[in-house]
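Worksheet for the structure shown next.
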Number of protein chains: 2
Amino acid sequence: MIGDKELDDFLLNGDQVYMQGLSVDCVIFGFHEHVLNVLLLKWKTGGQWCLPGGFIKKEESVDDSAIRILKDRTGLDHIFLQQFHLFGEPSRDKNKDLIKNKSKKGSWFNQRFATIGYYALVEFSKVTPKPDWLSEECRWTEIHRVPKLIYDHNAIVKKALYALRLSLNDYPVGYNLLAEKFTMPELQSLYETILDKPLDRRNFQKKILNMNILERLKERKTGGAHKAPYLYRFDKKKYETALKQGLKSGF
Amino acid sequence: MIGDKELDDFLLNGDQVYMQGLSVDCVIFGFHEHVLNVLLLKWKTGGQWCLPGGFIKKEESVDDSAIRILKDRTGLDHIFLQQFHLFGEPSRDKNKDLIKNKSKKGSWFNQRFATIGYYALVEFSKVTPKPDWLSEECRWTEIHRVPKLIYDHNAIVKKALYALRLSLNDYPVGYNLLAEKFTMPELQSLYETILDKPLDRRNFQKKILNMNILERLKERKTGGAHKAPYLYRFDKKKYETALKQGLKSGF
């Protein structure tokens, strides 16, 4: 259970520490063996599920607060974290019944909050999920099995997935998700998992090579019965540049 | 000049009307005869330039506040307005010297604000720019001639332009900017203006036709000395669908 004193202090004095009216929610996608998962928290009081999130300290940049939340929940840092949308409907968090018995009328926490969404994509076997102080559980859930979440959090997950998929046209993906050296079918499988659909092998190869972020190695993958496929790795410098500037693969 | 009473009321009682800590800024791009412009305001006090912006009413969605601001400054509605980034550095608006002699210590206005950026693209000859109550002027400025703006507004313009250019891969553009019937070179010229670079004619035509939003008409443009080019128009239904769902032209 949450200590009464701890919660009261948060509800009554949170506005001394945090910005008012703005929160952060993180959609942390986990990729592992061809399955896409999302990291969820279960509240101690009420048992409802929600996204990892939090508030922005008064002297902290909004981006830094998202980095802090990601690190607190996963133990990871230096992860590519992408801001994707501000959710600003006035009714989005009207029903603050998670802690309704605790929530003092006039509390800082009871005001309307807009929330800024960030998504990240991580290799989920590298993560040790850790609940926050309001939660009893922090757990990976398959993207197709996400339960009903609080407020508009289901819509936030949906929008994050849409943004992640759109981003495949604009930014590279795969670093930290695949082994250092990988084959073209392994990379294609990652894209297919994110997009949740099969891709044409030739078109995929052509598009990926056009991004100019891959280096083909002289060695080939060994062990298969058929002709061994080439191994590739990311050209880290070109990859980083593409993350910053976009792939410019369009017009 | 701004009336002292009006300004005092805004500075002292704004938090009765508006959300705290969050503002909206609009980068309104104007397209006209192959030139891209951006709409700027000049403050009465101090004479500095800034983007059209404002605050979010307590019962208003954030998107609706951007629509209201766009309408107030341009007279236009039903314009495609795209949220593109939240600017959340703690120091971004530290220097609130625009109204420094007026700005009471402890005023609502003096707290830190994060701002959510929206961009729109309009046909600028259709717009009647209108200053807000804090400004003496509202004016189109060529994108290459934007002066030093307040706070981080120059960075906001830069990011909006980047977002607009990236969006060309994901969303259609052109409706309301071109005549109802147009030629392929006219459409290409719009893209070239936004991207500020020449495009290959064949590649452009191929990409645009792949978007599946154009209808080629039987009539051709008349009047030229050479072979008359085909006329096109947008298939409004397909165009609207693509605006909502994205072009899916990528993977």
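The values are calculated or read from the model by the stated rules, or taken from the named source; none is laboratory data. Values in this document were obtained by computation on a predicted structure and should not be read as measured data. Here the Cβ positions follow ideal geometry from the backbone for every residue, glycine too, while neighbour counts run over all protein chains shown.
Within segment A:189-214, which residues are closer than 22 Å to A:LEU81 by Cα and touching a Phe, Trp or Tyr at 6+ places or on another chain (Cβ under 7 Å)?
A:LEU190, A:TYR191, A:THR193, A:LEU195, A:ILE213, A:LEU214
Out of curiosity, is B:ALA179 of a type in the set (Gly, Ala, Ser) and either without any contact (Cβ under 8 Å) to a residue 60 or more places away in the chain or under 24 Å from A:LYS159 (Cα atoms) (or both)?
So B:ALA179 fits the description; yes.
Given the condition under 22 Å from B:ILE194 (Cα atoms) and modelled with pLDDT of 95 or more, answer yes or no: does some residue in segment B:57-64 qualify?
No, there is no match, as no residue in segment B:57-64 is under 22 Å from B:ILE194 (Cα atoms) and modelled with pLDDT of 95 or more.
Only one of B:GLU59, B:GLU142 is within 10 Å of chain A (Cβ to nearest Cβ) and either touching a helix residue (DSSP H, G or I) at 6+ places or on another chain (Cβ under 9 Å) or surrounded by fewer than 16 Cβ atoms within 10 Å (Cβ to Cβ) (or both); which?
Working: B:GLU142 fails: within 10 Å of chain A (Cβ to nearest Cβ).
Every option except B:GLU59 fails the conditions.
Residue by residue, here is whether (1) at pLDDT below 95; (2) buried (at least 16 other Cβ atoms within 10 Å of the Cβ); (3) more than 18 Å from B:TRP133 (Cβ to Cβ); (4) in contact with a helix residue (DSSP H, G or I) (Cβ under 9 Å, 6 or more places away or on another chain) holds:
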| position | (1), (2), (3), (4) |
| --- | --- |
| B:ILE2 | yes, yes, no, yes |
| B:TYR18 | no, yes, no, yes |
| B:GLY21 | yes, yes, yes, no |
| B:VAL24 | no, yes, no, yes |
| B:HIS32 | yes, yes, yes, yes |
| B:VAL38 | no, yes, yes, yes |
| B:ASP77 | yes, no, yes, yes |
| B:LEU81 | yes, yes, yes, yes |
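With the structure loaded, tell me whether A:GLU180 is more than 14 Å from the chain's Cα centre (by Cα), surrounded by fewer than 18 Cβ atoms within 10 Å (Cβ to Cβ) and not in a loop (DSSP other than H, G, I, E, B) or whether it fails that test.
Values: more than 14 Å from the chain's Cα centre (by Cα): yes; surrounded by fewer than 18 Cβ atoms within 10 Å (Cβ to Cβ): yes; not in a loop (DSSP other than H, G, I, E, B): no.
Judged against the criteria, A:GLU180 is not a match.
For segment A:145-159, which residues satisfy the criterion of being surrounded by fewer than 17 Cβ atoms within 10 Å (Cβ to Cβ) and more than 15 Å from A:TYR119 (Cβ to Cβ)?
Selection gives A:ARG145, A:PRO147, A:LYS148.
Filter segment B:62-91 down to the residues that are touching a Lys or Arg at 6+ places or on another chain (Cβ under 9 Å) and more than 14 Å from chain A (Cβ to nearest Cβ) and list them by number.
Listed by number, the residues that qualify are B:ASP72, B:ARG73, B:THR74, B:GLY75, B:LEU76, B:ASP77, B:ILE79.
For residues that are within 11 Å of chain A (Cβ to nearest Cβ), touching a Lys or Arg at 6+ places or on another chain (Cβ under 8 Å) and buried (at least 17 other Cβ atoms within 10 Å of the Cβ), tally how many sit in segment B:183-208.
The number of residues fulfilling the criteria is 2.
Check B:TYR171, B:TYR162 and return the single one that is under 21 Å from B:LYS248 (Cα atoms), within 14 Å of chain A (Cβ to nearest Cβ), buried (at least 19 other Cβ atoms within 10 Å of the Cβ) and modelled with pLDDT under 95. Spell out how you get there, then give the answer.
Values: B:TYR162 fails: buried (at least 19 other Cβ atoms within 10 Å of the Cβ).
Within the list B:TYR171, B:TYR162, the selection yields B:TYR171.
Report, ordered by the first and then the second residue, all pairs with beta carbons closer than 8 Å, sequence separation of six or more or different chains, a first member in segment A:189-218 that is touching a residue at least 12 places away in the same chain (Cβ under 8 Å) and closer than 22 Å to A:LYS238 by Cα, and a second member that is assigned to a helix (DSSP H, G or I) and among the basic types (Lys, Arg).
Final answer for the pair search is A:ASN212/A:LYS238; A:ILE213/A:LYS238.
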